[in-house]
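Student: Below you will find the structure I want to go over with you.
The values are calculated or read from the model by the stated rules, or taken from the named source; none is laboratory data. Quantities reported herein were computed from a predicted structural model and do not represent experimental measurements. Every residue, glycine among them, receives a Cβ derived from its backbone with ideal geometry; neighbour counts consider all protein chains shown.
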Amino acid sequence: MKTDRVRVLIRHTEIPRRAAGGGFGRFLKGDLKLGPIGHVALSTAIGVTVWKATGNPLAVPAALVTGVLIDGDHVLDWIDWIYQGYRKHMIVLLHAWELVVVLLASLMIWHHPIFVAAVLGYVGHVITDHLLNSTYPWTYFLSYRVYRRFRSEWLHKSVPPDPIVGPAPFWANFEPTVWKLVRWRRKRRILRDRKAAGVAVAEASRESAGD
């Protein structure tokens with residue numbers, strides 16, 4: 001168990017050198033990931049688009065089911081993390097580019113509006129997770145995760161906590177978009193308080209020097 005944790009630590013210390021892109025790339029990969037709210041908004045937009053294009057309103061719930069409930073596969077990961085005591089594996093069985101290819105190919109055979117919306121909802125979810133989550137390029141290929149035995153150090157990048165605000169709370173794993181807003185407001189308040197404290201100390205020092 002201790003050896004596994006050391007391997008995870010060593011793998012994650014490589015992140016500053018290996019993270020994709022510079023400042024903006026790192027910002028995208030670690031700061032804009034979608035939680036339930038973001039996936040609901042994206043899936044709703046996809047469903048409404050298919051509805052308007054086909055006239056079938058059931059496209060909206062179809063896109064929501066596949067675009068949001070796909071995250072139900074995280075339950076296996078959470079159980080594993082609780083059992084292991086740390087993030088040893090990344091399983092997410094339903095997040096797979098292989099399935100994206102199969103579903104998109106099936107649209108050439110069957111293109112009922114509800115099926116189209118369901119496929120696009122799923123594809124939109126996988127694409128945004130691939131682009132915005134702190135993962136490696138091959139992470140969302142199920143075959144690659146199997147090859148790596150679902151070991152997290154090969155699949156997931158550890159994003160260091162904000163040096164000013166500190167580590168994210170547990171609930172931020174479920175809705176990172178809300179945490180980003182909370183963190184932004186908290187950082188502004190901390191910096192404002194520090195600035196005010198610095199001004200007060202400087203004034204006190206000047207008064208002491210004058211005396």
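Student: Where the second residue is in a loop (DSSP other than H, G, I, E, B) and surrounded by 14 or more Cβ atoms within 10 Å (Cβ to Cβ) and the first is of a type in the set (D, E, K, R) and lies in the stretch 97-124, which pairs have Cβ atoms under 7 Å and are six or more apart or on separate chains?
Tutor: E98/F141
Student: Here's another thing I want to ask about it. Report, by residue number, each residue of the stretch 102-135 that is aliphatic (A, V, I, L, M) and within 28 Å of E175 (Cα to Cα). Spell out how you get there, then give the answer.
Tutor: First pass over the stretch 102-135, keeping only residues aliphatic (A, V, I, L, M): 102-105, 107-109, 114, 116-120, 123, 126-127, 131-132.
Correct list: L103, I114, V116, A117, A118, V119, L120, V123, V126, I127, L131, L132.
Student: Taking the options V68, V92, V102, name whichever one is part of a loop (DSSP other than H, G, I, E, B) and among the aliphatic types (A, V, I, L, M). Full working, then the answer.
Tutor: Details: V68 fails: part of a loop (DSSP other than H, G, I, E, B); V102 fails: part of a loop (DSSP other than H, G, I, E, B).
None of the other options fit; the residue is V92.
Student: Against the condition surrounded by fewer than 18 Cβ atoms within 10 Å (Cβ to Cβ), at pLDDT 95 or above and part of a loop (DSSP other than H, G, I, E, B), how does W110 come out, does it pass?
Tutor: So W110 does not fit the description; no.
Student: If you don't mind, there's one more thing I want to ask. Could you tell me which residue of the stretch 14-57 is modelled with the highest pLDDT, considering only residues that are among the charged types (D, E, K, R) and within 19 Å of the chain's Cα centre (by Cα)?
Tutor: Just the residues of the stretch 14-57 that are among the charged types (D, E, K, R), to begin with: 14, 17-18, 26, 29, 31, 33, 52.
If we keep only those that are within 19 Å of the chain's Cα centre (by Cα) as well, we get 18, 26, 29, 31, 33.
Values: R18: 37, R26: 41, K29: 41, D31: 53, K33: 74.
Looking at residues that are among the charged types (D, E, K, R) and within 19 Å of the chain's Cα centre (by Cα), I get K33.
Student: Restrict the check to the stretch 148-162 and report whether at least one residue is within 22 Å of A41 (Cβ to Cβ), among the basic types (K, R) and surrounded by 17 or more Cβ atoms within 10 Å (Cβ to Cβ). Reasoning before the result, please.
Tutor: Going through the stretch 148-162, the residues within 22 Å of A41 (Cβ to Cβ) turn out to be none.
There is no residue in the stretch 148-162 that is within 22 Å of A41 (Cβ to Cβ), among the basic types (K, R) and surrounded by 17 or more Cβ atoms within 10 Å (Cβ to Cβ).
Student: Hey, could you check the stretch 131-159 for residues that are more than 15 Å from H89 (Cβ to Cβ) and of a type in the set (G, A, S) and say which is nearest to the chain's Cα centre (by Cα)?
Tutor: Here the residue is S134.
Student: Going by what's in this entry, would W78 be described as outside any helix (DSSP H, G or I), at pLDDT below 95 and out of contact with any Lys or Arg (no Cβ under 9 Å at 6 or more places or on another chain)? Can you show your working first?
Tutor: Details: outside any helix (DSSP H, G or I): no; at pLDDT below 95: yes; out of contact with any Lys or Arg (no Cβ under 9 Å at 6 or more places or on another chain): yes.
No; evaluated as a whole, the condition is false for this residue.
Student: Mind checking which residues of the stretch 100-130 are over 24 Å from the mean Cα position of the chain (by Cα) and not aliphatic (A, V, I, L, M)?
Tutor: Across the stretch 100-130, the qualifying residues are S106, W110, H111, H112, P113, F115.
Student: Can you name the condition, by its number, that H125 falls short on among (1) modelled with pLDDT under 95; (2) buried (at least 16 other Cβ atoms within 10 Å of the Cβ)?
Tutor: H125 satisfies all of (1) modelled with pLDDT under 95; (2) buried (at least 16 other Cβ atoms within 10 Å of the Cβ) except (1).
Student: Is at least one residue of the stretch 196-210 modelled with pLDDT under 70, polar (S, T, N, Q) and surrounded by 12 or more Cβ atoms within 10 Å (Cβ to Cβ)?
Tutor: Checked the stretch 196-210: no residue is modelled with pLDDT under 70, polar (S, T, N, Q) and surrounded by 12 or more Cβ atoms within 10 Å (Cβ to Cβ).
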